[in-house]
Structures are given as C-alpha cells and as structure tokens.
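The values are calculated or read from the model by the stated rules, or taken from the named source; none is laboratory data. Because the structure is predicted, anything quoted here is derived from the model rather than measured. Here the Cβ positions follow ideal geometry from the backbone for every residue, glycine too, while neighbour counts run over all protein chains shown.
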Amino acid sequence: MNKAKLKWYNPQNFEEAYKIHLNNPLIIPCAGSTVILRTKRFKNEGFINLKYCNLSYIKEDKINNIIRIGATTTFNEIIEYLKSQNYSEDSFFGILLNSLSSAASYPLRNRITIGGSLFDLPIWSDIISPLLLTETNIIYNDDKNILLPEYIEKRKKIPHIIKEIVIKYNTNIQYFTQRFSLTNFDYAVFRFSFSYSISKDFRFNYFNCAISGTKNLIFIDKSFNEQFINICLDDEESLKKVIEKQLFGFSSDFRFDEEYKEQTCKNLLIESIKRIKN
Amino acid sequence: MSTFGKRKSYKKNLQGNFDIKISININGEELIVNTNATETLLNFLRRIGYKDVKCGCEEGACGACLVILDGKAVNSCQIFAASCENSKILTSNGLGDSNNPHPIQKAFVDAGAVQCGFCTPGMVIATYDLLNKNPQPDEEQIKNALNGNLCRCTGYVKIIEAVKLAASYMKKSN
C-alpha cells in the first residue's frame, strides 16, 4: 500500500467510527498509536482517529464488583485511578496496577490505551495475563460483547472497534503476577499471573494461571490448574513436579531460546508460589 | 536495527507528499502546517524546525524525542502528526533559551548534567512533567519519572542531582 494514499478519519462519536471500519476493515482504529508505529504496520488504507469519541473513562460499581473502562483510557489514567483506591497488592486491582505500572515507560504509558492493547495484543502485552484471571468482557461495535478468551481467538476475524472493557472481579481470592524482561523498562519477554485461594491447612482449593508471551500468545490450561488443588504450600516436591512436567510453549527469539524461557518461567513460578506461603 | 537504516527512513519521510493540513500550537505559537498520513510527530517537528526534539531510537525506548502533548509527556516518535490536530505541544526550547533559561535548564547546566547533550531536551521535558505533578520528588520518584530516558554518557548521578536542584530552583522562584 502506498503510504501517500493513506487517509485519516476523525469521527465525532463511536457509532460513526465503527461504521467507517465496518464499511472498510482496512481503515483501522488508532488510539495511542504505539503498537502501530512500533510495528510499522501500514498495510491498511487509513486510520480512524478515536480522539473525539469520548471513550476515556473509568466507572466502578463496587457493590457488584464491576469496573467499566473506556477503550481509549490510557495506562497512566488507570494507574492513577487504582492508586487512589488503595487496593491491596494481592487483590485483582493490585496485580493490575503492578502490570500496568511495569508496562513500557512513563511517557509511553501516557499513550498506550487499554483498548489498543487488546485490539493489537502484542506478544509483550503486560495486561493480558491478569485480565484472563477475571470475567473480562469486551464490548465492541453496537454494544456486542464477547468474553476475553474468545475475543483473543476470534478478534482477527471480526471487523470491530472496542468500545469498553467490563471486568467483573472476585474479592474472595488472591492474586499474584510477575514479569520477566531484560531491564525494568524493556518490553516483557513473558508475564505470568495466577489467582488462588488456600484452605486453613495451607492447601490450594483454587488455582488459575495465565501466561502471556508464549508461541500462541497465551498459555491457559485447565488441567494444569486442577493439578494444584489440594497440594499443600509446604509440599515443594509436588509443586515442582506439577510445574516441571508442564510445557508452556515458548518460542525462540533474538534474545532467548525457547528452552531458556521455559525453564526461567518454571523457576519463577515455583519461587512465586513459595513467596505466597510467606 | 542500525542507526544508519533509521536515518534513511527519516530522510525518506522528508520527501513525502504532505497533503494533510493540521492546526497545531507549538510552544505557544498557533500554526497551520502540512503533514502526511504516516509522518510521526517527531519527524514533523524536526522538519518544520524544532530540532531540539531529538531523533534517537524511533521506537519509544530512549526518550530523546519527549515533548509535552496536551499537558502530558509523550514520545513524539510514537505518535502520528496527523492525529495531533488542535493539540498543544511544548518542546524544551519552549521552556526557555540560553538568554532566559527555565529553572530546569539552569539546573541541568549548574549540576553538570549535560555531556554530549543529545538526551538533555528529553530529560528536561521529563523533569518538567515530574515537577509539575510533584514539586518535591524523592530519589525513587525521580528515577521512576526518568525511566523512559536513556543517557549514554553519564551514570545518571548528575542528572538526578539536576532534577533535585531544579526542584529547589522552582520552589524558590514560586
């Protein structure tokens, strides 16, 4: 595509924006532009500027444990909101705050939007693994909604623009997240997050783990999670056994080979579980 | 990717067909300037003469191209100029010049935080953004605010000293 032929569209509301995209899916939405410019992806016919669509907001319903985040809300706007709410580190918002705060650098977080991050879903995404631990709904086009795991699978087949992200969170379980990267301002090589609850005798009665940065973008495996049930936190041998035999499915890149990533992820996961015991 | 390749792409951008007219406020000056659909704000600013905005990595990692866009510090290499219609931009030269330096610029000189100077405009903008929000930051907050700015000459010690000095200069001037 000749770059000179690309056009910019400035719709004044969301309805106008998604109709432009539905009419021609090669005219793509642009919110923060960080992924588009980093990947130099110009194989399209134009950009839809979402600046005027009023999609930057956070609305929380604390009675029903639901938070609605507008698609063009930037990471720093969400961080500021979460900091003001003083959530504990092991709550869902605690790990979401951790994930958002470690994504890229401060000025980039002024541009990275939550909708753009999910629409483009780069392999270095810091927010996907925490979001997969909750009931996250993606609201798109004319208020259609789809659950996040299904969205990840189908997003490239559906012409759409994300309107908002609706997260129904659970306050009765605890959460943990950790990223692996070369430096703290670098893009994540992988990030794992897990939610859990522990019985009085320190056994897992719930465990759910999501890893981003794998060959298939994410790793979620119900049977892997089920193996943790009833394992005691002190039983390091059983925990190691479950984790060591699992293949997360990383691929090699210019920095690390797949075996290194696999083993690092396993080691960090074991370390993290040991840490929650304390 | 080599720097040579990047400079080539920058030059290529200069020869584009600038068919999109945008009105924009740069350092307090209202301008109507042409750009094209894929020109970055960084290339746009440098093309029209704002050479204080430096072209470093062009992938949002080094912070040399930092500007204040509508009140927020952003990497101008990661933004399309065409999306900045009706926006307000502040570059480091918009803060002050050698005859009338801003307290932050004075602090960088006084603290000896400038060696080759390439990263300095970005550092100054990051400091301006930090001190606007937090006039008395501690060292950890300074490091966090500057974590998107790379310097290849210094060990950041002088830069952190400069930010602390800038905070004290700004406190005095207020």
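Of the residues A:N64, A:N54, A:N10, A:N44, which single one is touching a residue at least 24 places away in the same chain (Cβ under 8 Å), touching a strand residue (DSSP E or B) at 6+ places or on another chain (Cβ under 8 Å) and under 13 Å from A:I162 (Cα atoms)?
A:N54
In the range B:79-174, which helices (runs of 4 or more DSSP H) lie fully inside it and hold 1 or more residues that are at pLDDT 95 or above and closer than 30 Å to A:N49 by Cα?
In the range B:79-174, B:92-95, B:120-133 are the helices (runs of 4 or more DSSP H) which contain 1 or more residues that are at pLDDT 95 or above and closer than 30 Å to A:N49 by Cα.
Answer yes or no as to whether A:I67 is of a type in the set (A, V, I, L, M, F, W, C) and more than 23 Å from A:L26 (Cα to Cα).
So A:I67 fits the description; yes.
So, A:E89, is that one free of Cβ contacts under 8 Å to residues at least 12 places away in the same chain and within 24 Å of B:G60 (Cα to Cα) or not?
No; evaluated as a whole, the condition is false for this residue.
Looking at B:T120, B:T127, which one is among the β-branched types (V, I, T), more than 30 Å from A:W8 (Cβ to Cβ) and within 14 Å of chain A (Cβ to nearest Cβ)?
Result of the check over B:T120, B:T127: B:T127.
Of everything in the range A:18-47 that's modelled with pLDDT of 90 or more and in a loop (DSSP other than H, G, I, E, B), which residue is farthest from B:N75 (Cα to Cα)?
Among residues in the range A:18-47 that are modelled with pLDDT of 90 or more and in a loop (DSSP other than H, G, I, E, B), the one farthest from B:N75 (Cα to Cα) is A:N24.
Within the range B:147-171, take every residue that is in contact (Cβ under 8 Å) with a residue 40 or more places away in the chain, within 14 Å of chain A (Cβ to nearest Cβ) and out of contact with any Pro (no Cβ under 6 Å at 6 or more places or on another chain) and give me the one that is farthest from B:S76 (Cα to Cα).
The extreme case among them is B:V163.
Scan the range A:76-116 for residues that are closer than 22 Å to A:T34 by Cα and outside any helix (DSSP H, G or I) and jot them down.
Result: A:A103, A:A104, A:S105, A:N110, A:R111, A:I112, A:T113.
Which one is farthest from the other protein chains (Cβ to nearest Cβ), of the residues in the range B:69-78 that are part of a helix (DSSP H, G or I) and polar (S, T, N, Q)?
Among them, the one singled out is B:S76.
State whether the residues of the range B:89-109 include one that is surrounded by fewer than 23 Cβ atoms within 10 Å (Cβ to Cβ), facing chain A (nearest Cβ under 10 Å) and not charged (D, E, K, R).
No, the range B:89-109 has no match at all.
Within the set of pairs 6 or more residues apart or between chains, which connect a residue that is more than 7 Å from chain A (Cβ to nearest Cβ) and more than 15 Å from B:G96 (Cα to Cα) inside the range B:50-68 to a residue that is among the acidic types (D, E) and surrounded by fewer than 24 Cβ atoms within 10 Å (Cβ to Cβ) with Cβ atoms less than 9 Å apart?
Short answer, once both residue conditions are applied: B:A61/A:D186.
Counting only residues that are closer than 30 Å to A:Y151 by Cα and acidic (D, E), which one in the range A:214-243 is surrounded by the most Cβ atoms within 10 Å (Cβ to Cβ)?
Ranking the qualifying residues of the range A:214-243, first place goes to A:D221.
Being closer than 30 Å to A:N49 by Cα, in contact with a helix residue (DSSP H, G or I) (Cβ under 7 Å, 6 or more places away or on another chain) and hydrophobic (A, V, I, L, M, F, W, C) is the requirement here; does A:I162 meet it?
When the stated conditions are applied, A:I162 passes them.
Kindly indicate whether A:L118 is among the aliphatic types (A, V, I, L, M), surrounded by fewer than 23 Cβ atoms within 10 Å (Cβ to Cβ), closer than 25 Å to A:F248 by Cβ and away from chain B (no Cβ under 14 Å).
Criteria met by A:L118.
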